[in-house]
Every structure is written in structure tokens, then in C-alpha cells.
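Okay, so here's the structure we're looking at.
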Amino acid sequence: PGPNAQILITALDDQITDTLEPVNARNMFDAGTTRIYLFVEFRGMQQGVQWRRALYKDGRLIEQNAYLWGLETRGQSYFFFGNDGGFDAGRYDVHLFIGDSDIPISTVSFSIRPEDTADQD
């Protein structure tokens, strides 16, 4: 990757509009949520550069995927983590990496409320 390559997480949501934007961006979700969308802005990216996304729950790595960049060099997009059975209650951290670096380029945290508190606000 080039020295100015960036991917910045700008919002999280469990829904997405027809124009590919968050419906109600937030960092707290109800028990049973099956998909968390990551909305990102990027610049300085190059076709074919490796990037990774990792999902941690309560500090433990639970999912990691590596891809080759296939989008433009600059713009906005979204990605998601999914769990068909619904995410378990707890704190989650998302880390994005570019190239083979183990230092995240962008991070964000979110929480899933326990089921018995999902209706309380």
C-alpha cells in the first residue's frame, strides 16, 4: 500500500438505506442483532492491496478476513459482519488493517445488550 492509504470507519448500524447509508448510526445494539454494517471512507488505496478486518468479542479474536482491494482509490463504502443466530451480548471491537501490518488503521467498538435489557432505554 501507499504511505497515504487509509480506511476510516465512520459509522455502524444494523440497517442500511437504499442509498447505502446508515439508517440510525450507533454503537449499542439489541440482543439478536444478526448483522453489523461498517460504513467507511477510504483514500489512497490501490487495486490489489491486501486489507483485513478483524472482529473481537470481549478482547478475543472471533473472526478475521483478508481481501484484496477491489474498489476505487478514494470514496465511501460499507462492509458487514454477520451472525445468523444473532450476536451474543458483550463488547465487540472492529479493527481494519492495510497490507501486512499488525497495527490497525481504524478501530471502533460496539456493544450488544443482554436480552433481558434490550427493551430498556
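The table below lists the values:
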read-out	value
R0 of 30 Å, Cβ-Cβ distance S111-Q50: FRET efficiency to nearest 0.05	0.55
Accessible area of the chain belonging to carbon and sulfur atoms, whole % at 1.4 Å probe	44 percent
Gained length - K57 relative to T73, 0.36 nm times residue gap less alpha-carbon distance	2.7 nm
Where labels lie 7 Å past Cα in the beta-carbon direction, separation of T10 and Q64 in nm	2.8 nm
Of all DSSP beta bridges in the chain, antiparallel share, percent nearest 5	95 percent
Charge-dipole axis of the chain as Lys and Arg at +1 and Asp and Glu at -1 on Cβ define it, positive-most pick from Q47, I112, Y67	Q47
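The values are calculated or read from the model by the stated rules, or taken from the named source; none is laboratory data. Because the structure is predicted, anything quoted here is derived from the model rather than measured. Neighbour counts run over all protein chains shown; Cβ positions are idealised from the backbone, glycine included. Accessible surface is based on the protein model in full, side chains and every heavy atom, while ligands, DNA and RNA are left aside. Shrake-Rupley method; radii C 1.70, N 1.55, O 1.52, S 1.80 Å.
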